[in-house]
There are 2 protein chains.
Amino acid sequence: MINKLVDKIKKTGAPIVVGLDPMMKFVPEHIKKAAFEAKGETLEGAAEAIWMYNKEIIDKTYDLIPAVKPQIAMYEQFGIPGLVAFQKTVDYCHEKDLVVIGDIKRGDIGSTSAAYATAHVGKVQVGNTMCQGFNEDFVTVNPYLGTDGVQPFIDVCKEEKKGIFILVKTSNPSSGEFQDRLIDGRPLYEHVGEKVAEWGEQLMGDSYSYVGAVVGATYPEMGKVLRKVMPKSFILVPGYGAQGGQGKDLVHFFNEDGLGAIVNSSRGIIAAYQNEKYAKFGAEHFADASRQAVVDMIADIDQALKNR
Amino acid sequence: MINKLVDKIKKTGAPIVVGLDPMMKFVPEHIKKAAFEAKGETLEGAAEAIWMYNKEIIDKTYDLIPAVKPQIAMYEQFGIPGLVAFQKTVDYCHEKDLVVIGDIKRGDIGSTSAAYATAHVGKVQVGNTMCQGFNEDFVTVNPYLGTDGVQPFIDVCKEEKKGIFILVKTSNPSSGEFQDRLIDGRPLYEHVGEKVAEWGEQLMGDSYSYVGAVVGATYPEMGKVLRKVMPKSFILVPGYGAQGGQGKDLVHFFNEDGLGAIVNSSRGIIAAYQNEKYAKFGAEHFADASRQAVVDMIADIDQALKNR
């Protein structure tokens, strides 16, 4: 799957991923109205609204991008119906041949991590039958529990040719509270990064590992260091746009080959119509605004990479 | 909810929680047979099996215990039907007046943590209607992202009078890989413990905070230190029984008042019939074996607390 991701990035010329994080405040009124008329102001109604919203954005952007990253929390908040919408979104993205990164940030002790891995990137045995719960291509994983919390994901990924991105340095303001603390003179995130590189060695694709890392666009200097610590790991970079990251901040996340990073934008793309810059599209044509925002984001990163 | 937990512990004399982590290998054959006949060897069949299994264990133990802790990964691996079984289990435990600790180990950047908090301990607005996704009383939270990943859970808990347990020192063998690393001469888990105490101050119950901690039974010496670092935090202690923890290891997790800790056992209770000690009950009477294992666990901890 890492090879497919690399191929699709080369083909589209777009090292970006669209974050499908459908908060209700992003969903245009006409969609909410239609969904609530059909299913009521219920969890089912909310799920219908986010599914309709997602589908239109996917339809208008899938040919430009290699991958999407649905944030499962935004679906989980609508309970079972929300998770059904998550699954429909994942399946629909696969129909469009997109790589799907499930942003689930799971992580637990060994047997429990194995169950999460099974749930999202694996298969589960029921009697004599193999079944599938969810079906992402990559998932994000929290490293706090150490190797035996991560290894079960790697084991399932080996089997299924799927991959993970491990949280190393997150994009949020207080990420430094623990992640930046110095251990033997170097911050915790560097130690985690070293482990990512080590874990990744056991599961290599053609040029990059199936084991990647998450490093926030909001911390470009740390991205520069971590790029060197994990040369064979793809870096998933959240925090572009709404969280403050810009194209020029991102160049150090990439290797010399122009690969090695994939930059996520969520609200900057999916709620572009709410941004003054794209307001001319109007709420009715929200997905056209998203398409234009994708075009602009690709150009911004391309320009930054050319100027480095 | 922390007050209810304390009350129920006093009333039952049982500072324990039964981990409802229904792995398929624990479910007796006669239950699997019935479930698969009804729903096939499908995710629905698996979900039916774990629900039937849970229900019988709850029916046979609820009067002895204050709380249960379903591990959501064990349900999530069966996809949507598995999560429906999770929800049914939570609701059924509430019917039996049990406190429900959702072991979900979520944690993300602010807006996403807010969505997780909404999903599991809060309410979500759909149009003009407030809806509810899942409905636990407490959830477990991963601290790797720092304060702004934790605060949204606390905010929702304030509103709903619910609580959280934050991972401090986990029970697994490689938990020390990052958690034990020294920062300014003290291990990371102590720094996290200090934050737990600080976060907990803003949300106090009568005698304990709504913000608790997870510290593994497998690390009793660290439990001793952390008990002092977080005097007002309840400690959820996994790792008793199958993972190696024993009653005598646990006394330091408790305060002088005999409170402040709640010890989890999962497979030691729910799969007791598979243990030689309880084999006489047989698979047909697996829930009677679970009840006996609960009685024995309460006695073991009670004895240890008396002997300290």
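The values are calculated or read from the model by the stated rules, or taken from the named source; none is laboratory data. Note that this is a predicted model, so its numbers are computed, not measured. Because the Cβ atoms are built from the backbone with ideal geometry, glycine has one as well, and the counts that use them run over all protein chains shown.
Side notes on the structure shown:
- Of residues in the range B:93-110 being in contact with a Lys or Arg (Cβ under 6 Å, 6 or more places away or on another chain) and acidic (D, E), the one farthest from A:D103 (Cα to Cα): B:D103
- Search result, residues across the range B:36-58 that are of a type in the set (G, A, S) and under 21 Å from B:G268 (Cα atoms): B:A49
- Given (1) in a helix (DSSP H, G or I); (2) over 20 Å from the mean Cα position of the chain (by Cα), index of the condition A:S207 fails: (1)
- Taken together, the criteria place A:V100 among residues that are touching a Cys at 6+ places or on another chain (Cβ under 6 Å), more than 8 Å from chain B (Cβ to nearest Cβ) and more than 17 Å from B:M74 (Cα to Cα).
- Single condition B:A47 does not satisfy, out of (1) in contact with a strand residue (DSSP E or B) (Cβ under 6 Å, 6 or more places away or on another chain); (2) closer than 30 Å to B:K4 by Cβ: (1)
- On inspection, A:F138 passes the criterion of being in contact (Cβ under 8 Å) with a residue 60 or more places away in the chain and either within 26 Å of B:Y189 (Cβ to Cβ) or touching a helix residue (DSSP H, G or I) at 6+ places or on another chain (Cβ under 8 Å) (or both).
- Here the range A:172-194 is the region considered, the condition is being assigned to a strand (DSSP E or B) and at the interface with chain B (Cβ under 7 Å from one of its Cβ atoms), and the residue that is surrounded by the most Cβ atoms within 10 Å (Cβ to Cβ) is A:I183.
- Subset of the range B:238-295 [in a loop (DSSP other than H, G, I, E, B), closer than 21 Å to B:P220 by Cα and in contact with a helix residue (DSSP H, G or I) (Cβ under 8 Å, 6 or more places away or on another chain)]: B:Q246, B:F254, B:N255, B:G258, B:L259, B:G260, B:S266
- Checked against the criterion of being of a type in the set (A, V, I, L, M) and under 28 Å from A:V156 (Cα atoms), the range A:243-259 contains one or more residues that satisfy it.
- Counting the residues of the range A:110-129 that are out of contact with any strand residue (DSSP E or B) (no Cβ under 6 Å at 6 or more places or on another chain), facing chain B (nearest Cβ under 7 Å) and among the hydrophobic types (A, V, I, L, M, F, W, C) gives 3.
- Matching residues in the range B:1-49 - criterion: being among the polar types (S, T, N, Q) and more than 25 Å from A:T118 (Cβ to Cβ): B:N3, B:T12
- For B:L167: the one exception among (1) in contact with a Cys (Cβ under 8 Å, 6 or more places away or on another chain); (2) of a type outside the set (K, R); (3) assigned to a strand (DSSP E or B): (1)
Conditions tested, residue by residue: (1) more than 22 Å from B:W199 (Cβ to Cβ); (2) in contact with a Pro (Cβ under 7 Å, 6 or more places away or on another chain); (3) crowded, with 24+ Cβ neighbours inside 10 Å; (4) within 11 Å of chain A (Cβ to nearest Cβ).
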position	(1), (2), (3), (4)
B:Y62	yes, no, no, no
B:K69	no, no, yes, no
B:Q87	yes, no, no, yes
B:D108	no, no, yes, yes
B:N142	no, no, yes, yes
B:T147	no, no, no, yes
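- Residues being in contact with a Ser or Thr (Cβ under 9 Å, 6 or more places away or on another chain) and in contact (Cβ under 8 Å) with a residue 24 or more places away in the chain - total across the range A:268-308: 11
- Yes/no for B:P152 being at pLDDT 95 or above, within 10 Å of another protein chain (Cβ to nearest Cβ) and surrounded by 21 or more Cβ atoms within 10 Å (Cβ to Cβ): no
- Residue list for the range B:210-234, filter: within 23 Å of B:D148 (Cβ to Cβ) and part of a strand (DSSP E or B): B:V211, B:G212, B:A213, B:V214
- Evaluating A:V17 against the criteria (1) more than 9 Å from chain B (Cβ to nearest Cβ); (2) assigned to a helix (DSSP H, G or I); (3) surrounded by 23 or more Cβ atoms within 10 Å (Cβ to Cβ) leaves one unmet condition, (2).
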